[in-house]
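The values are calculated or read from the model by the stated rules, or taken from the named source; none is laboratory data. Every value quoted in this text rests on a predicted model; they were computed, and no experiment measured them. Here Cβ is always computed from backbone atoms with ideal geometry, including for glycine, and neighbour counts include all displayed protein chains. Areas reflect the complete protein model, heavy atoms only, side chains present, ligands, DNA and RNA absent. Shrake-Rupley method; radii C 1.70, N 1.55, O 1.52, S 1.80 Å.
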Amino acid sequence: MSSVIKPAANILLRVRDYDLAATLDSGQAFRWQLHDGSWTGVVGRHRVRLTQTRSGIRAETAGPVTDWQWLCDYLQADVDLDAVLKTFPDDAPLRDAVAACRGLRLLRQDPWECLASFILSSTKQIVQIRQIVARLCERFGEPLNATMVGRAVLCAPPIAKEHTPFYHAGAHGVTRPTSQSVSDHTHGNSCTYHLFPTAERLATASESELRACKMGFRAPHLLAVARRIAEGKLDLERLRHLPLAEAHGELTTLRGVGGKIADCVLLFAYGFDGAFPVDVWVERALRELYFPRRRVGDKRLRHFAATHFGPRAGYALQYLFHYMRTKMK
């Protein structure tokens, strides 16, 4: 359990077994920016900068905060990681993954931001997803002007170029990230961050306006889902109280949402740790790790994925996924 200290504009989460870099840069969320050893982003309506320290995680905001539970919930700082890891099957690939990536946590994101972000992720590299999300927030999100925090400004580096070697989330695996990432506008000693745009705001946009954010064929998908929410035809909060299979079924009725995207949203926003996102790259990873030098059909592989990893299969997969792309050569 973490112990919380509450100064006005900064806090120290005294949490053990937490790898901040692995958690924020493992393909769960797309708005965190690494700069000078700290991670800057927006959580809900808060601009925040996070720094890993020997004592835990230091968080700084642009103004006083009286209740920091929103951040503990987002980071899942109170999760008993030992209890989670004990649910993993005792096999060599997972032992190696846990040894290499111990401290990685699953975030608990806002369902709408998570759903919209993963709709935009289809067939894209992570650097491109970050750029699309940054443009979307910049053009449609409510602005938040950053101010001084102590002696530092809550700003970040410029938007990364297309060729910057970020993780690749497609069928051919991933590459290591650099310390540069996507940011909102920066102006001298101040910058403007934006809230993630609401579904209601995006529902009023045209498809051409969304395409201007470089999201291509994903624009009508995002627009259709935003309009369903704005019209009251989809209640994302209700999914939190459904069984996993029912919640998955409802998400996959949405335009542009297949099984993998639904599983990602259930895992990273709702806390359904049994959700297990499987795509072509994950299938290849499972074949490499668990069935070397053996030919395994798709049906058997999917049955293995669904039955082998236990009640927190999605958590186990995140360890394997991050391990494969960052530690294995």
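Filtered by the rule that a residue be charged (D, E, K, R), touching a Leu at 6+ places or on another chain (Cβ under 9 Å) and either under 14 Å from Leu195 (Cα atoms) or in a loop (DSSP other than H, G, I, E, B) (or both), region 19-67 gives Asp19, Asp25, Arg45, Arg47. Residues that are among the acidic types (Asp, Glu), under 23 Å from Gln76 (Cα atoms) and open to solvent by 50 Å² or more (accessible area, probe 1.4 Å): does region 235-250 have at least one? Yes. For residues in region 98-140 being polar (S, T, N, Q) and either open to solvent by 40 Å² or more (accessible area, probe 1.4 Å) or in a loop (DSSP other than H, G, I, E, B) (or both), which is nearest to Ala313 (Cα to Cα)? Residue satisfying both the conditions and the ranking: Gln109. A Cβ distance below 7 Å, combined with a sequence gap of six or more or placement on separate chains, defines the contacts here; from region 197-208, residues that are touching a residue at least 12 places away in the same chain (Cβ under 8 Å) reach residues that are small (Gly, Ala, Ser) in the pairs Pro197/Gly141; Ala199/Ala226; Ala199/Ala230; Glu200/Ala230; Leu202/Ala226; Ala203/Ala226; Ala203/Ala230; Glu207/Ala219.
Looking at this structure, is Pro89 open to solvent by less than 30 Å² (accessible area, probe 1.4 Å), in a helix (DSSP H, G or I) and either touching a strand residue (DSSP E or B) at 6+ places or on another chain (Cβ under 8 Å) or closer than 30 Å to Arg287 by Cβ (or both)? When the stated conditions are applied, Pro89 does not pass them. For the structure I just gave you, tell me whether Asp80 is under 16 Å from the mean Cα position of the chain (by Cα) and surrounded by fewer than 20 Cβ atoms within 10 Å (Cβ to Cβ). Answer is no for this residue. For Gly232, indicate whether it is modelled with pLDDT of 95 or more and not in a helix (DSSP H, G or I). So Gly232 fits the description; yes. Within region 8-24, being within 20 Å of Gln131 (Cα to Cα) and either open to solvent by 10 Å² or more (accessible area, probe 1.4 Å) or of a type in the set (Phe, Trp, Tyr) (or both) holds for one residue alone: Ala21. Scanning region 249-268 for any residue that is acidic (Asp, Glu) and closer than 24 Å to Arg201 by Cα turns up at least one such residue.
Go through the residues of region 35-47 one by one and say whether even a single one is surrounded by fewer than 18 Cβ atoms within 10 Å (Cβ to Cβ), aliphatic (A, V, I, L, M) and on the phi < 0 side of the Ramachandran plot. No, that holds for no residue. Return the residues of region 257-280 that are over 20 Å from Leu106 (Cα atoms) and open to solvent by 30 Å² or more (accessible area, probe 1.4 Å); say none if nothing qualifies. If the condition is that a residue be over 20 Å from Leu106 (Cα atoms) and open to solvent by 30 Å² or more (accessible area, probe 1.4 Å), then Gly258, Val280 are the ones that fit. So for region 155-169 (the condition being under 30 Å from Val282 (Cα atoms) and modelled with pLDDT of 95 or more), does at least one residue qualify? Within region 155-169, not a single residue is under 30 Å from Val282 (Cα atoms) and modelled with pLDDT of 95 or more.
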